[in-house]
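A quick write-up on the structure given underneath.
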Amino acid sequence: MRKTRAAAVITLVSAIAAAATGCGGGGSSAGGSNESPKTLTYWASNQGPNIEADKKILGPELAKFQKDTGIKVKLEVIPWSDLLNRILAATTSGQGPDVLNIGNTWSASLQASGALLPWDKKNFDAIGGEDRFVPSAVASAGAAGKDPSAVPLYSLAYALYYNKQMFADAGIAKPPTTWDELVADGQKIHKKDPNKWGLGAEGGNLSNNIHQAFALGQQHGADFFDKDGKATFTSDGAVAAVKQYVDFMAKDKIIAPGNAEYAQNQSLQDFAKGKTAMVLWQAAATSFASQGMKPSEWGAVPVPVAAGTPGAGKQTNSMVAGINIAVFNNTKNVDGAKNFVKFMTSDDEQKILNKSFGAIPPVKAAQADPAFSAPDLQVLRDTLTNSAAPLPQVANESQFETTVGGAIKALWADAAAGKPVTTESVKAQLTKAQQQMGQ
């Protein structure tokens, strides 16, 4: 899911289980059931530099849909910091949109609630078939063995972005491919200029904490949940992964202590200003450009692994990130809603929208467009195809982000304050997180 997503403070399923039969687009003020069949309400997630930029991109496309179908789409672009809570409120009140974007890591939680239209073979066939989509993107649209709760819309993955001039100034000839190399490069940069740092992080961004810990956990053989969906936060691999991440500040001294409190996008701003030489991010080109950074000033390479090159298994170096588009299960305009999903996932629209937002189309045919052959996008495409894994598709995934993301935030605070971050202190925080899951 996209980097600016906020984790829910409560478990999604417990919050909406009571309303599972009545959730979705319904009220007169917000959506589906009382609207004309010629009207749809759409909640879009904020993908660009700001909400107005999204409206400027989406507006002409929605006008095309209205011209083709006669259906008007009422658009609301919602910041990631608000989106999940808005969805929670909509599902409990019955006052929601007809169609909405969701972060793909929420798919299983919303699927378990019954809030969203299941995309069975009949529904997928109505939009051209499931085989149009990249398998890893579909795998992030719901729990294994169940019909997906949404359809992939924008695909993303993590890459390592680096400042070319800062590398050259420190005498570094090429970007790192392993974590040991990344640490060594970061230390060279900080030694060259103590006001500059090797790597950026966002300790206050719980979702970003989870994304990095998950990828490192995969490299340490940890999944954070067992096959039955039970939390395994205190496994040796999970502890080692979290410690490795926080050690970039605590032991290796390549992350500025102030990053312990950073919220969404602050590490990107430091990178664009030349304060940090590297940042782990998803499809950052649009954000860099919005802050005045030229494409020639930065490069992108795969996220490092312990040794060798990224690949399957322990060489996983990213979660499968992205945005899915969903239909509320009780919309009174289900045919219009599915028609809109078909439009948004058509080959032509996938090219336009993903190009505009700097993402990768999850629709295979659209990926062949030359617009997605830029070096940084090629890194993201290769990662999605070869070395990314979906976050655990469990019903309480949102609580996982809150508890473990919060545990990592507390460890960042310790590191920033100069307190020791040990295997024992990491395990203690993860034990507390696991207890908060009720397991």
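Residues whose amide H lies under 5 Å from that of residue 277, counting only those 5 or more places away or on a different chain, are 197, 198, 199; hydrogens are built 1.01 Å from N in the peptide plane. One chain, two ends: residue 232 and residue 82. Fully extended at 0.36 nm per residue, the span grows by 51.1 nm beyond their Cα-Cα distance.
Please report the antiparallel percentage of DSSP beta bridges with both residues in the chain, rounded to the nearest 5.
Taking every DSSP beta bridge within the chain, about 60 percent pair in antiparallel fashion.
Projecting the Cα positions of 412, 379, 167 onto the charge dipole of the chain (unit charges on Cβ atoms of Lys, Arg, Asp and Glu, taken about the Cα centre) puts 167 furthest along the positive direction. Beyond a 24 Å Cα-Cα separation, which of these cross-linked pairs lie in this structure: 164/314; 275/409; 251/427? Among 164/314; 275/409; 251/427, the Cα-Cα distance tops 24 Å for 164/314.
Going Cα to Cα from residue 355, which lysines come in below 21 Å? Please leave out same-chain ones fewer than 8 positions away. Answer for residue 355, where 21 Å is the Cα cut-off: 3, 55, 56, 64, 294, 342, 364, listed by chain and number. Here the simple spin-label model places points 7 Å from the Cα toward Cβ, and for residue 144 and residue 180 these points are separated by 3.3 nm. For the chain, relative contact order (Cα pairs under 8 Å, six or more residues apart, normalised by length) works out to 27 percent. The string of couplings for segment 163-178 from the Karplus curve (6.51, -1.76, 1.60, θ = phi - 60°) is 8, 4, 5, 5, 5, 5, 4, 8, x, 9, 7, 8, x, x, 10, 10 Hz, one whole number per residue in order, with x for Gly and Pro.
The residue among 362, 331, 350 whose Cα reaches farthest toward the positive pole of the charge dipole of segment 325-414, with charges on the beta-carbon of Lys, Arg, Asp and Glu, is 331. Taking amide H as placed 1.01 Å from N in the peptide plane, residue 322 has its amide H under 5 Å from the amide H of 2, 104, 156, each at least 5 places away in sequence or on another chain.
Highest mean first, what order results for 299-309, 316-326 on Cβ atoms within 10 Å? Numbers along the way, then the final one.
Details: 299-309: 17.9, 316-326: 26.3.
For the peptides 299-309, 316-326, the packing ranking is 316-326, 299-309.
Sort 381, 86 from largest to smallest accessible area, using a 1.4 Å probe on the heavy atoms of the protein chains. The partial results should precede the final answer.
Working: 381 55, 86 80 Å².
So the residues, ranked largest to smallest area, are 86, 381.
Quick check on the chain: helices-only [θ] at 222 nm, where DSSP H runs of length 4 and up contribute -39,500 (n - 2.57) each and the sum goes over total residues. Nearest 500, please.
After summing the helix terms and dividing by the residues of the chain, the value is -13000 deg cm²/dmol.
Dipole of segment 138-188, Cα-centred, from +1 at each Lys and Arg C-beta and -1 at each Asp and Glu C-beta, to the nearest 20 debye? Walk me through the intermediate numbers first.
Working: 4 positive and 5 negative charges, 21 e Å.
Result for segment 138-188 is approximately 100 debye, rounded to the nearest 20.
Using alpha-carbon positions, what is the distance between the centroids of segment 315-363 and segment 254-279, in Å? Each part reduced to its Cα centre gives a spacing of 30 Å. Listed values for segment 226-235 are Karplus-derived 3J(HN,Hα) couplings in whole Hz (6.51 cos²θ - 1.76 cosθ + 1.60, θ = phi - 60°), namely 8, 5, 9, x, 8, 5, 10, 5, 9, 4, and x replaces Gly and Pro.
For residue 40, the residues whose modelled amide H falls within less than 5 Å of its own, excluding neighbours fewer than 5 places apart on the same chain, are 72, 73, 74. Of interest is the spacing of the C-alpha centroids, which for segment 373-419 and segment 72-121 amounts to 22 Å. Computed from backbone phi, the HN-Hα couplings of segment 387-404 come to 9, 9, 9, x, 4, x, 8, 10, 5, 9, 4, 5, 6, 4, 5, 5, 6, 6 Hz, rounded to whole numbers (Karplus: 6.51 cos²θ - 1.76 cosθ + 1.60, θ = phi - 60°; Gly and Pro given as x). Bridgeable aspartates and glutamates around residue 332 (alpha carbons under 17 Å apart, same-chain partners fewer than 8 residues away excluded): 35, 98. Solvent exposure of the chain amounts to 38 Å² per residue of accessible area, where only protein heavy atoms count and the probe is 1.4 Å. The structure shown yields Cα extents along the principal axes in Å, and of the options [x] 64, 48, 35; [y] 70, 52, 47; [z] 61, 60, 39 that calculated value carries the label [x]. Think of segment 111-223 as a dipole: +1 on every Lys or Arg Cβ, -1 on every Asp or Glu Cβ, centred on the Cα centre; then among 126, 221, 115, 221 lies furthest on the positive end. Taken about its Cα centre, the chain carries a charge dipole of about 420 debye when Lys and Arg each add +1 at the Cβ and Asp and Glu each add -1 at the Cβ.
Bridgeable aspartates and glutamates around residue 432 (alpha carbons under 13 Å apart, same-chain partners fewer than 8 residues away excluded): 424.
Give me the dipole magnitude in Debye, nearest 20, for segment 300-393 about the Cα centre, with unit charges on the beta carbon: positive for Lys and Arg, negative for Asp and Glu. Provide the component values of the computation, followed by the final result.
On the way: 8 positive and 7 negative charges, 44 e Å.
Here the size comes out at about 220 debye.
The values are calculated or read from the model by the stated rules, or taken from the named source; none is laboratory data. Model, not experiment: these values are computed from the prediction. Note: ideal-geometry Cβ built from the backbone for every residue, glycine included; neighbour counts use all protein chains shown. Surface areas here come from the heavy atoms of the whole protein model, side chains and all, with no ligands, DNA or RNA. Shrake-Rupley method; radii C 1.70, N 1.55, O 1.52, S 1.80 Å.
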